[in-house]
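Worksheet: the structure to be examined is printed underneath.
Every number here is computed from the coordinates shown, using simple stated rules; none is lab data. Being a predicted model, the structure only gives us computed values, none of them experimental. Here the Cβ is made from the backbone with ideal geometry for all residues, glycine too, and neighbour counts use every protein chain on show.
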């Protein structure tokens, strides 16, 4: 009989042991995908925060690296979407006459609002999201949206109901 002492983290994983055992590996994995150590470190921290906030009991985690990669990939997709959104906004700003360019504070507020809107609509099917944005941001009517999407007005009404319900139920 072996009376060797087993470290407590081996018997029951904790966030601390998960972080200690896998943080540098996860950061390296993210750095290869991002080409940037700073963003990789940020996303690594965000990954562990998400793990902490998740309902997944750490003791039931069979493959911690696979789980971390799954969470990390989602954050990586969000990161690229956010960067794309920021770039589109900055491009639009570049096309404005100098007198119409918002102040840095206004730009920051607009970017924050755009990111919050993007998070709010995350998870909606693409057509539902597009219909909602055309309606809310471009002021298009259901008939115009139906023509653009090549669907019936009834379908657009269903899409809008789905989007409104999603907005009411989402927990930001």
Let me have the relative contact order for the chain, percent, based on Cα pairs under 8 Å that are six or more residues apart.
15 percent
For residue 21 and residue 153, extending 7 Å from Cα along the Cα-Cβ vector and measuring point to point gives, in nm, a value of 6.0 nm
Starting with the highest mean, order 146-156, 40-50 by the number of other Cβ atoms within 10 Å, averaged over the residues of each peptide.
40-50, 146-156
What full-extension length gain, to one decimal in nm, is calculated for residue 103 and residue 167 as 0.36 nm per residue of separation minus the Cα-Cα distance?
20.1 nm
Nearest 10 degrees, 0 to 90: helix 104-121 Cα axis against the chain principal axis
80 degrees
So if R0 is 25 Å, what FRET efficiency would residue 91 and residue 144 give, r being the distance between their Cβ atoms, rounded to the nearest 0.05?
0.50
Helix 153-169 versus the longest principal axis of the chain: what is the Cα-based angle in degrees, 0 to 90, to the nearest 10?
40 degrees
Listed residues 138, 122, 21, most fluctuating in the chain (Gaussian network, C-alpha, under 10 Å)
138
Contact order relative to length of the range 1-99, as percent, for alpha carbon pairs under 8 angstrom and 6 or more apart:
26 percent
With a/c under 1.5 counting as rounded, go ahead and sort the range 1-99 into rounded, prolate or oblate using the C-alpha gyration tensor (a ≥ b ≥ c being the square roots of the eigenvalues; past the cut-off, prolate if a/b is larger than b/c, else oblate).
prolate
The range 60-110 versus the range 130-172: alpha-carbon centroid distance in Å:
23 Å
Compute a Gaussian network model of the chain, connecting alpha carbons closer than 10 Å, and tell me which residue from 95, 78, 36 fluctuates the most.
95
Quick check: the angle from helix 15-34's long axis to the longest principal axis of the chain, C-alpha only, nearest 10 degrees?
50 degrees
